[in-house]
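Asks: Take this structure first; my questions come after.
Throughout, read-outs are computed from the coordinates displayed, never taken from laboratory work. Fair warning: this is a prediction, and the values are worked out from it, not measured in the lab. Note that we place each Cβ from the backbone using ideal geometry, even for glycine, and neighbour counts take in every protein chain shown.
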Amino acid sequence: MSNQTFRINHQIKAKEVRLLREDGTQIGVVSLETALSQAQAAKVDAVEVAPQAVPPVVKLINYKKLQYQLAKKERAARSTQKKVDLKEIRLTPFMAENDFSVKINRGRQFLGQGHKLRVTVRFVGRQLGHKEFGGQVMNKATTALADISAVDQPGKWIGRQFVAILTPIKNAKTKN
């Protein structure tokens, strides 16, 4: 829930306010006393919804109802957001062609689902003596995925790993 706070009823400090009904129709610019009396007559709260406006905007609405509406709007906005995960495929510098194609197909699936993809080439033991193969394997992987992705972060060494990050292209067709 948002941490937005509103002044209600006697907490409002302005002398004149722009008054709105619960449905959003405008009553006009009135004094604060008039707004409070109308709120009391309608058995609702006078809620200052836009304190920075000149004059401040006050809405005649039940305060709990306003909080519920805002929370509902926030939940709807959160549910429409797409969460992008960072998925990873791990390669080795001297892997078999079939193993490589299996990993690339898995990477295709991740990119097709809209996730970012981290391609990692891991080096173990004596493989570190031939770091040039890391760039070759990474180039092979990025060219294999070039039709559905763009390189977000080019390959770089992080410890014993050569790492690159790929981002999916919006209108790309996936081949499985």
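Asks: Assigning unit charges at the beta carbon (Lys, Arg +1; Asp, Glu -1) and nothing else, what dipole magnitude in debye, to the nearest 20, does segment 86-168 show about its Cα centre?
Replies: In debye, rounded to 20, segment 86-168 gives about 280.
Asks: Let me ask something else about it. Taking the Cα centre of the chain as the origin, how large is its charge dipole in debye, to the nearest 20, when only Lys and Arg (+1) and Asp and Glu (-1) carry charge on their Cβ atoms?
Replies: 540
Asks: Where does the charge balance sit around ALA39 when Lys and Arg score +1, Asp and Glu -1, over other residues with C-beta under 10 Å from its C-beta?
Replies: +1
Asks: Suppose the chain between ARG126 and ALA146 were pulled fully straight at 0.36 nm per residue; how much longer would it get relative to their current alpha carbon spacing?
Replies: Length difference between fully extended and current span is 4.2 nm.
Asks: Then there's this: Given H placed 1.01 Å from N in the peptide plane, which residues other than close sequence neighbours of LYS116 have an amide H under 5 Å from its amide H?
Replies: ASP85, LYS87
Asks: Turning to a different aspect of this structure: Note the listed values [x] 25.8; [y] 14.5; [z] 15.8, then indicate which one is mean projected area of the Cα convex hull in nm² calculated from this particular structure.
Replies: Only one option fits the structure, namely [z].
Asks: On to the next question. Between ARG90 and GLN69, what is the label-to-label distance in nm when each label sits 7 Å out along the Cα-to-Cβ direction?
Replies: 5.3
Asks: Now for a different question. What nm distance separates the two modelled labels at ASN62 and THR34, each placed 7 Å from Cα along Cα→Cβ?
Replies: 2.7
Asks: Return one quarter of the surface area of the convex hull spanned by the alpha-carbon atoms of segment 7-78, equal to its mean projected area, in nm².
Replies: It is 4.8 nm².
Asks: OK, next. Semi-axes of the equivalent ellipsoid of segment 93-141: what are they in whole Å, largest first, if each equals the square root of 5 times a C-alpha gyration tensor eigenvalue?
Replies: That gives 23, 11, 8 Å for the three semi-axes.
Asks: Counting DSSP beta bridges with both partners in the chain, what percentage is antiparallel, nearest 5?
Replies: 75
Asks: Still on this model: Specify the residue with the greatest mean-square fluctuation among PHE94, PHE162, PHE110, computed from a Gaussian network of the chain linking alpha-carbon atoms under 10 Å apart.
Replies: Its mean-square fluctuation being the largest, the pick is PHE94.
Asks: Which ³J(HN,Hα) values, rounded to whole Hz and listed in residue order, are derived for segment 10-19 from phi using the Karplus coefficients 6.51, -1.76 and 1.60 in 6.51 cos²θ - 1.76 cosθ + 1.60 with θ = phi - 60°, glycine and proline given as x?
Replies: 7, 7, 5, 9, 5, 7, 10, 9, 8, 9
Asks: So, in nm, how far is label THR25 from label ASN139 when the simple model puts each one 7 Å beyond its Cα toward the Cβ?
Replies: Going from the THR25 label point to the ASN139 one covers 7.2 nm.
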